[in-house]
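No lab work stands behind these numbers, since they all come straight from the coordinates. The shown structure was predicted, so the numbers you read here are calculated from the model rather than taken from an experiment. A quick note on method: Cβ atoms are made from the backbone with ideal geometry, for glycine too, and the neighbour counts reach across all protein chains shown.
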Amino acid sequence: MYVSIHFVDDIILFLLLLVWIIAGFQVFLLPRQASSKRQRLGIRRSLFWLGLSELLVLIKLGAVVAKWVLFGWIFAQERMLLDLPLLVLPALSVLLFSFPFLRRMSRNLPQDGASPAKQDAAAPALLVPTLITVVGVVLDTYLTLIYTDPSSLPLLLILFALFCVVLWFWSTFGKKLPLFSNGRKTPQLAETRVRWWHLPLRIVIVLAVVTLCLTGWFSWSAQASRLPDRIPMTGNMMDNMTGDMTGHNMQHSQQNDVSVTSLVGPQSGEPNERFTLVAQEAEMRLRSGATVNAWIFNGQLPGPELRVHQGDLVEVKLINRLSHAGVTLHWHGLDVPNAEDGVAGVTQNAVQPGESFTYRFVVKDQPGTYWYHSHQDSLEAVEKGLFGALIVLPRDDSFTGKDIPVLAHSWLTKEGSSQQAFDTFDTLKRLAVQPGTPVRLRLINTDNLPINFVLSGTSFKVIAIDGTDLHAPTELTRQRLLVAAGGRYDIQFTMPDTAVSLDWLQKSSKVGLLLSRDGTGNAPALADGPVFNPATYGSPLKTPFDLSSHFDKEFTLILDDMIGFYDGKMESVWPINGEVFPNTPMLMVHEGDLVKVSFVNRSWMDHPMHLHGHHMLVLSYNGRPVTGSPWWVDTLNVAPGERYEVAFRADNPGIWMDHCHNLDHAAAGMILHLAYEGVSSPFEVGPGTVNQPE
Ligand code: C2O
Ligand code: CU
C-alpha cells in the first residue's frame, strides 16, 4: 500500500485547522472575560495557542518545501500557491500585530479586582489578523482536499482578499461589528444585562448559518457537477477545453473535416481470420464453485482467445444479445484504424441489444500479446467478463513450446466477494509440461489495480512488454513483475525437471499456476524479490526518436486525487491537470508530429495510463533516461510520486482515448483524448446518449 506524498502535509493541515480554531476562540473570548484575573489567564492561553499555531504554519511550510526538494517543484506548486496567501501571509500578520498587542496588554493589565480591559481586548489589531487567519485556514483546507474547478480559484482568492480588506475597514472605522463590541455598544444597551444564554445563542445562530451555507454550497456543487446530457466528441466540447488545443479554430475547419467514421480498415477482401463474438448474460462458475453473474462472449468466461497473424486481414462480427446494455469491441494495444477502435461515443455508437457491428482491420507488424474488451461502460463490462486474450503471432511462427496466456482478473461473485483468479481459476491451476519444453507465459492484467506476479522454480526472461519484444533480455530470478492494469508482460523459460509456479502476490487465498512434469506435486518456494525495472533491462537499440529529438508537441499530464463531486455524486475524483472529463485537456496534434508526454503522479494511487492507437516509447523515469532495451508501451503504470517522459509519432489519424485503465478512475473522469487536426467525430457521450465509454 502506498502512502500519499501529501500525507505529512495533510496531517499538519488538519492540526492547523484545529489549533487555529482554538486560538481564534481564545482571542474571541478575551473581551468577554468578566474579571481581570480571568482576562490575564485568557491572554496567556491566547498567547500559547497562537504560538502553537504559528509553529505549525512553519512546519507546514517546511513540509511543502521538503516535497519540492525531494520530488520537484511540480509536486509542491499547488500547495505552495494556496498556502502563501491563505496561511503564511495571514499568520505573518498575526505575528506582526496580534502578538505584540497581546504582550502589551498583558503588561498593562489592571490589578486584580479591577474591571477587565474590554476596550483593549476588542482592538482590531488583535482580532482582525486572527480572524483572517482562521478563515484562511478553513479555506486552505477546503481547497486542498475538496476538488474545486481550477477556474474558480482566482475568484475565491479575490473574495478572500476582499473579505480581509472589508473586515479591516469595518473594525477600524465602523465599530459596528458585534465581534468588536464589548457588550456596551450604546449607553442604553449597557444597561441591559448580559444574560447567561446570550453567548450560547450567538454560537447556535452562527453554527446554523454556517450549516445552511454549507448545505447550500454542497447541493449547488453536486448539481453543477452533473454531466451534460450530450457531450459531443468534437466541436462544442473543444471550445470548452482548456490547455493545449486553444488557438485552433474547430468551427472553421469543420467543413473539410474527415469524420472518424471514414477511418476504417479495408472494406473489401476475403479476411484471413473471421470471428463472431456474441455477448450475453449468464451465471458462470469459478473453479472454486463461486458463481458470477457474468456477461460473456460465446458462452465462455473470459471470452474466446483470438489468435491471428501479423499482416492478417481480420473480421470480427459482434452480436449483442444482452438484455439491456450496449457493447463494443476495443482491441487493447492493437493500433487499428480509428473507426475500428471500438470506443462508444468516440468512434461508434454502442451496439444495442439485438444489434450487431462488424470490425475489419489489417493486423500491423506488432506480433505479441493483447486483449480485447468492451468499451461501453467498460467499468461494468470488463468486470463482468466481456474480454478475452488477443494474440498476434509472427508471420513465420516457429515457436514450438507451450504458449500460455494468463488473464488475471478479479471476479465479483454473487455472494459479493471479490475473487482473484487466473482466467476462472480462483484456485491452483495445474498443468503438465515436459522438462526441456520452452514455455511462454503471456501475463495479461485485466484488473483495475497493478498486479505483482512472482515466478518461482526457474530463472526466466521478460521477452516482451505490451506486445513489443525487448532487446537482449537477460536471465532473471527473484524478481517481482509489476504489470499495469491493462498491461502485458511475456515471460519465457525452459521447463526444468522440477516444478515452476506463477503467483499473484496478494494477501488472501492462493491463486496460482503450477507447472510440473505430470501436473502434480508441490509448488517451489516463493521466489519474491525487488520489483523488476524495465528501464534498465536488456540492452539499447537504435530507436526512431529519443530524448534528444526535436518534439513538435509537448504535453505534461499531472495526475491528482481529491474528494469532490462528479456527475452529482460525492466521490474520489482523479483530475488530470486539475480537471475531470469533459474538461480535461485535449491533446491536439497534426499527422506526423513527434509528440512528447510527461506523466506526473501526485496522487496516492497508481494510474495505468493507456493511449489508444499508438505505442509510446518510454524516454525517462523520474528524470533518469531509460538505459535498457527500447521500452514501448500502450499502458504505462505511473505510481505515486513517479514521473515519466514518453514519446510517440502521431501516425494514426483519428480521435483516440487516452485514459487511466483503473476503470474506476476512468469512470470518475480520468479520461482525455488525443485528437488529430482536421478529424471530427459525429458521436456523443453522456447520460442522454447510448454512449458511456467508461
Ligand atoms: Cu483497454 Cu480504453 O482501454
Ligand atoms: Cu487512475
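Tabulated data for the structure shown
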{"quantity": "Between region 585-656 and region 276-325, the Cα center-to-center distance that results, in Å", "calculated": "30 Å"}
{"quantity": "Long-range amide H partners of TRP411 with built H, under 5 Å", "calculated": "GLN419, GLN420, ALA421"}
{"quantity": "For region 410-480: rounded, prolate or oblate by the Cα gyration tensor [a/c cutoff 1.5]", "calculated": "prolate"}
{"quantity": "Share, in percent, of DSSP beta bridges within the chain that are antiparallel, nearest 5", "calculated": "70 percent"}
{"quantity": "Debye-sum result for the chain in log10 I(q)/I(0), which assumes one identical scatterer on each alpha carbon, at q = 0.06, 0.10 Å⁻¹", "calculated": "-0.45, -0.97"}
{"quantity": "Nonlocal amide H pairs with GLU554, under 5 Å, H built at 1.01 Å", "calculated": "LYS596"}
{"quantity": "Cβ-based net charge around ASP426, under 11 Å, with every Lys or Arg adding one and every Asp or Glu removing one", "calculated": "+3"}
{"quantity": "Average Cα contact separation per residue, region 332-389, under 8 Å, 6 or more apart, as relative contact order %", "calculated": "35 percent"}
{"quantity": "Three-way shape label, region 477-577, alpha-carbon gyration tensor, a/c 1.5", "calculated": "oblate"}
{"quantity": "Whole-Å distance, taken between Cα centres, linking region 371-405 and region 1-62", "calculated": "57 Å"}
{"quantity": "Karplus (6.51, -1.76, 1.60) ³J(HN,Hα), θ = phi - 60°, over region 589-605, in Hz, Gly and Pro reported as x", "calculated": "9, 9, 4, x, 4, 9, 10, 10, 10, 10, 9, 10, 9, 9, 8, 9, 10"}
{"quantity": "FRET efficiency, ASP518 to HIS550 (Cβ-Cβ, R0 60 Å, nearest 0.05)", "calculated": "0.55"}
{"quantity": "Sequence-separation-based contact order of region 393-468, relative, with Cα cut under 8 Å and 6+ spacing, percent", "calculated": "34 percent"}
{"quantity": "For region 339-472: rounded, prolate or oblate by the Cα gyration tensor [a/c cutoff 1.5]", "calculated": "oblate"}
{"quantity": "VAL382, VAL500 arranged by Cβ crowding within 10 Å, fewest neighbours leading", "calculated": "VAL500, VAL382"}
{"quantity": "Protection proxy ranking, peptides 629-638, 284-293, average beta carbon neighbours within 10 Å, highest first", "calculated": "629-638, 284-293"}
{"quantity": "ALA66/THR172 FRET efficiency (R0 41 Å; Cβ-Cβ; nearest 0.05)", "calculated": "0.60"}
{"quantity": "Positive-end extreme of charge dipole, the chain - chosen from SER681, THR276, PHE48 (charges on Cβ)", "calculated": "PHE48"}
{"quantity": "Tail beyond 12 Å, pair distance distribution of region 348-401 (Cα, percent)", "calculated": "76 percent"}
{"quantity": "Simple label model, 7 Å out from Cα along Cβ direction - ARG38 to SER418, nm", "calculated": "5.5 nm"}
{"quantity": "Sum of side-chain charges, LEU156 neighbourhood, beta-carbon under 12 Å (Lys, Arg +1; Asp, Glu -1)", "calculated": "-2"}
{"quantity": "The chain - mean residue ellipticity at 222 nm from DSSP helices (-39,500 (n - 2.57) per run, n ≥ 4, rounded to 500)", "calculated": "-8000 deg cm²/dmol"}
{"quantity": "Protection-proxy order for peptides 205-217, 460-472, each taking the mean of Cβ atoms within 10 Å per residue, highest first", "calculated": "460-472, 205-217"}
{"quantity": "Cut-off under 5 Å, modelled amide H: who pairs with ILE231 long-range", "calculated": "VAL685, GLY686"}
{"quantity": "Distance (nanometres) between label positions extended 7 Å along Cα→Cβ at HIS471 and ARG321", "calculated": "4.9 nm"}
{"quantity": "Distance in nm between pseudo-label sites at SER539 and ASN256 (7 Å out along the Cβ direction from Cα)", "calculated": "5.0 nm"}
{"quantity": "Computed over region 353-446: relative contact order in percent, which uses C-alpha pairs under 8 Å that are six or more apart", "calculated": "27 percent"}
{"quantity": "For ARG624, net neighbour charge (Lys/Arg +1, Asp/Glu -1) across residues whose Cβ lies under 15 Å away", "calculated": "-2"}
